[in-house]
Amino acid sequence: MSFISYLVSGLSLGSIYALIALGYTMVYGIAKMLNFAHGDIIMVGGYAAFLAMSASWCPIWLAMIISVTVCTVLGVVIEKVAYRPLRSAPPLAVLITAIGVSYLLQNIALLTQSATPKTFKSIAAGAPPFLLVFEGKAPLFFTKLSDSPYGGESPVLTISMETFLAIVVSLVIMAALTLFINKTKAGKAMLACSEDRGAAQLMGINVNATISMTFAIGSALAAVAAMLMCSAYPLLSPTTGSMPGIKAFVAAVFGGIGSIPGAMIGGVLLGVIEQLSKAYISSQLSDAIVFLVLIVVLIIRPTGIMGKKISEKV
Amino acid sequence: MALLEIDKLEVYYGSINALKGISFNVERGEIIALIGANGAGKTTTLHTITGLLPAKKGSIKLDGHDITKAPAHRIVSMGMAHVPEGRRVFAQLTVYENLMLGAYTRKDKDEIAATLENVYYRFPRLKERLKQTAGTLSGGEQQMLAMGRALMSKPSIILMDEPSMGLSPLYVSEIFDIIQEINKAGTTVLLVEQNAKKALSIANRAYVLETGNIVLAGDASELMNNEQVKKAYLGE
């Protein structure tokens, strides 16, 4: 039972990584840049939701909308102000700018929100756990332990609402995103831009608008990830986004940077590896193990799991 | 009024002066060839016309409208299509998806379907390979796809950059036949070619570019017999 519990929490954490990794991989695929400020968008999303929820008049659903909106706008503005002027600059200049934006966001948060971590109120606060499993009895769905018909017996497996929500919400979003990219005209334009920006322009595709849209989608996903993550791990600080940002970047590279299914698979695998190594090997070494796995994967398959073979036909 | 008017066009790559003030016209219904050696500025000319490169000086007019400063994506909907050098089909997308991206600026589904039928008619081989990804096509088929994709925007003028490059002689003849057919069906063609002989054989008029300048202009048949052209470009 404990294995299932670790596996589920790994899947849940991995789904959150996947949502963040999607932002990295889409932006890399289309704008050909590593947006190292992406992790800090998560942090901003967390604070936006936190501040909105602290207002007594603001219901949770509205706080969620506010957080997604703030991040979407922020992503588009960052692209326009910081990255667009560097569209034809060397990649290193763009990379350094992204790191600069990352520090800027962290320090603005530090100035306005202080370094003291805030306790994030779960978006599923007060909701019953998704699943309770008892030894030899029928499992209970959406039932509080206090309402359990089995008296004071403690469950052998608990899957919290937060864990469940992270998986379900991520699955729905990934399915919707896949449909959007493969079935709509705007999605096809994104694919065209990621393959050949110049040729895409010759089709009449507005590349700048497409890049803006990519940043908007990636940042909106980051806001969703922020709320799911802060609900499961409720401490919010100005550096909250850094580690998940780096892990999600690893997940994107792991899956094959630029590949959307790759980011999903990479994210989920990374979460599972992390949680299982925490449980069975060492909680201190878990991050080291995650990065070790990345190194091994890249040695065996330099383009990542789903990475495209780099071949050119002349 | 000419369909495409280029007036004293100057283009720079950084500090390198790639086009030194060239002027030429393309009349409606013509096939115009732009010939010249590697590095003469042929591709630069096409890229500047379609907005992929900025012009430093001079003007480009399409059907009387100044498009010198218009962004590339807007120029497509004004009736100009560009088949780029090296085809640049979207290798990961299917043949059908590539063709539909060609119609990106158009809205009317019925009209798009009609153009698609027309493209199938002209390139039956593409129709057989609709579900295949473009990267798996042969070079000649990719050239056909790039041309079909350009036709999907229903252009009044089509710019073609080295359509014969890297193709077997059999394909080259086929491609040139198709260019003539496209032209006969009413589309004006501006053709850039290193294969000067082939280009001059189907063009009405031609311009010869040398290091950013137009050094010769005239009827294609005249240029074909010009001693200078014969020596430098026709290998005679």
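The values are calculated or read from the model by the stated rules, or taken from the named source; none is laboratory data. Just so it is clear, the structure is predicted and the values come from calculations on it, not from any experiment. Neighbour counts are summed over all protein chains in view; Cβ atoms, including those assigned to glycine, are modelled from backbone coordinates with ideal geometry. Note: accessible area is taken over every heavy atom of the protein model, side chains too, but ligands, DNA and RNA are not part of it. Shrake-Rupley method; radii C 1.70, N 1.55, O 1.52, S 1.80 Å.
From the list B:GLY79, B:GLY86, which one is under 17 Å from the mean Cα position of the chain (by Cα) and within 10 Å of chain A (Cβ to nearest Cβ)?
Unique residue meeting the criteria: B:GLY86.
Which members of segment B:2-16 meet the condition of being in a strand (DSSP E or B) and open to solvent by 50 Å² or more (accessible area, probe 1.4 Å)?
The answer is B:GLU5, B:ASP7, B:LYS8, B:TYR12, B:TYR13, B:ILE16.
Would you mind finding the one in A:GLY307, A:GLY271 that is at pLDDT 90 or above and either open to solvent by 30 Å² or more (accessible area, probe 1.4 Å) or of a type outside the set (Ser, Thr, Tyr) (or both)?
Values: A:GLY307 fails: at pLDDT 90 or above.
The match here is A:GLY271.
Could you tell me whether any residue of segment A:47-58 is outside any helix (DSSP H, G or I), polar (S, T, N, Q), surrounded by fewer than 14 Cβ atoms within 10 Å (Cβ to Cβ) and at pLDDT below 90?
Scanning segment A:47-58, I find at least one residue that is outside any helix (DSSP H, G or I), polar (S, T, N, Q), surrounded by fewer than 14 Cβ atoms within 10 Å (Cβ to Cβ) and at pLDDT below 90, so the answer is yes.
Answer with yes or no whether B:VAL189 is within 14 Å of the chain's Cα centre (by Cα) and in a strand (DSSP E or B).
Criteria met by B:VAL189.
With (1) facing another protein chain (nearest Cβ under 8 Å); (2) part of a loop (DSSP other than H, G, I, E, B) as the list, and B:ALA40 as the residue in question, which single condition is left unmet?
So B:ALA40 meets the others, but not (1).
Only residues in segment A:204-231 that are within 14 Å of chain B (Cβ to nearest Cβ) and in contact (Cβ under 8 Å) with a residue 60 or more places away in the chain count as the first member; pair them with residues that are surrounded by fewer than 22 Cβ atoms within 10 Å (Cβ to Cβ) and of a type in the set (A, V, I, L, M), Cβ under 8 angstrom, at least 6 apart or cross-chain, and list the lot.
Final answer for the pair search is A:THR210/A:ALA186; A:SER212/A:VAL76.
Hey, among A:ALA125, A:ALA200, A:ALA216, which residue is more than 30 Å from B:LEU159 (Cβ to Cβ) and surrounded by 15 or more Cβ atoms within 10 Å (Cβ to Cβ)? Before you say what the answer is, go through the steps one by one.
On the way: A:ALA125 fails: surrounded by 15 or more Cβ atoms within 10 Å (Cβ to Cβ); A:ALA200 fails: more than 30 Å from B:LEU159 (Cβ to Cβ).
Residue meeting the stated conditions: A:ALA216.
For A:VAL296, only one of the following conditions fails: (1) under 23 Å from A:TYR47 (Cα atoms); (2) out of contact with any strand residue (DSSP E or B) (no Cβ under 6 Å at 6 or more places or on another chain). What is its number?
So the condition that A:VAL296 fails would be (1).
Just wondering, is there one or more residues in segment A:260-282 that are farther than 25 Å from A:ILE41 by Cβ and not in a helix (DSSP H, G or I)?
Scanning segment A:260-282, I find at least one residue that is farther than 25 Å from A:ILE41 by Cβ and not in a helix (DSSP H, G or I), so the answer is yes.
Which members of segment B:115-149 meet the condition of being in contact (Cβ under 8 Å) with a residue 60 or more places away in the chain and open to solvent by 10 Å² or more (accessible area, probe 1.4 Å)?
Result: B:ARG122, single match.
Identify all residues within segment A:239-248 that are farther than 21 Å from A:LYS118 by Cβ and either in contact with a strand residue (DSSP E or B) (Cβ under 7 Å, 6 or more places away or on another chain) or surrounded by fewer than 24 Cβ atoms within 10 Å (Cβ to Cβ) (or both); write none if there are none.
Of everything in segment A:239-248, just one residue is farther than 21 Å from A:LYS118 by Cβ and either in contact with a strand residue (DSSP E or B) (Cβ under 7 Å, 6 or more places away or on another chain) or surrounded by fewer than 24 Cβ atoms within 10 Å (Cβ to Cβ) (or both), namely A:ILE246.
Conditions tested, residue by residue: (1) of a type outside the set (Ser, Thr, Tyr); (2) on the phi > 0 side of the Ramachandran plot; (3) free of Cβ contacts under 8 Å to residues at least 60 places away in the same chain.
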residue	(1), (2), (3)
A:SER5	no, no, no
A:GLY14	yes, no, no
A:THR25	no, no, no
A:ALA37	yes, no, no
A:ILE42	yes, no, no
A:TYR47	no, no, no
A:ALA52	yes, no, yes
A:SER56	no, no, yes
A:ILE60	yes, no, no
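Residues B:TYR96, B:TYR104: which one is facing chain A (nearest Cβ under 10 Å) and more than 15 Å from B:LEU209 (Cβ to Cβ)? Don't jump to the end; show me each part of the working.
Working: B:TYR96 fails: facing chain A (nearest Cβ under 10 Å).
Sole residue among the options that is facing chain A (nearest Cβ under 10 Å) and more than 15 Å from B:LEU209 (Cβ to Cβ): B:TYR104.
When you go through B:LEU130, B:LEU126 one by one, which is the residue that is farther than 19 Å from B:ILE31 by Cβ, more than 14 Å from chain A (Cβ to nearest Cβ), more than 16 Å from the chain's Cα centre (by Cα) and not in a helix (DSSP H, G or I)? Spell out the reasoning first.
Numbers: B:LEU126 fails: not in a helix (DSSP H, G or I).
Exactly one of B:LEU130, B:LEU126 is farther than 19 Å from B:ILE31 by Cβ, more than 14 Å from chain A (Cβ to nearest Cβ), more than 16 Å from the chain's Cα centre (by Cα) and not in a helix (DSSP H, G or I), namely B:LEU130.
Kindly provide the set of residues from segment A:87-122 that are under 30 Å from A:PRO155 (Cα atoms), open to solvent by 30 Å² or more (accessible area, probe 1.4 Å) and either among the hydrophobic types (A, V, I, L, M, F, W, C) or outside any loop (DSSP other than H, G, I, E, B) (or both), ordered by number.
Passing the criteria: only A:THR119.
Please determine whether any residue of segment A:277-284 is more than 14 Å from the chain's Cα centre (by Cα), open to solvent by 10 Å² or more (accessible area, probe 1.4 Å), closer than 30 Å to B:GLN143 by Cβ and not aromatic (Phe, Trp, Tyr).
No: segment A:277-284 contains no residue that is more than 14 Å from the chain's Cα centre (by Cα), open to solvent by 10 Å² or more (accessible area, probe 1.4 Å), closer than 30 Å to B:GLN143 by Cβ and not aromatic (Phe, Trp, Tyr).
Kindly provide the set of residues from segment B:150-177 that are within 12 Å of another protein chain (Cβ to nearest Cβ) and open to solvent by 40 Å² or more (accessible area, probe 1.4 Å), ordered by number.
Across segment B:150-177, the qualifying residues are B:LYS154, B:MET165, B:GLY166.
Condition first: farther than 20 Å from B:ILE179 by Cβ, facing another protein chain (nearest Cβ under 7 Å) and of a type in the set (A, V, I, L, M). Now tell me which residues in segment B:62-76 satisfy that.
Passing the criteria: only B:ALA72.
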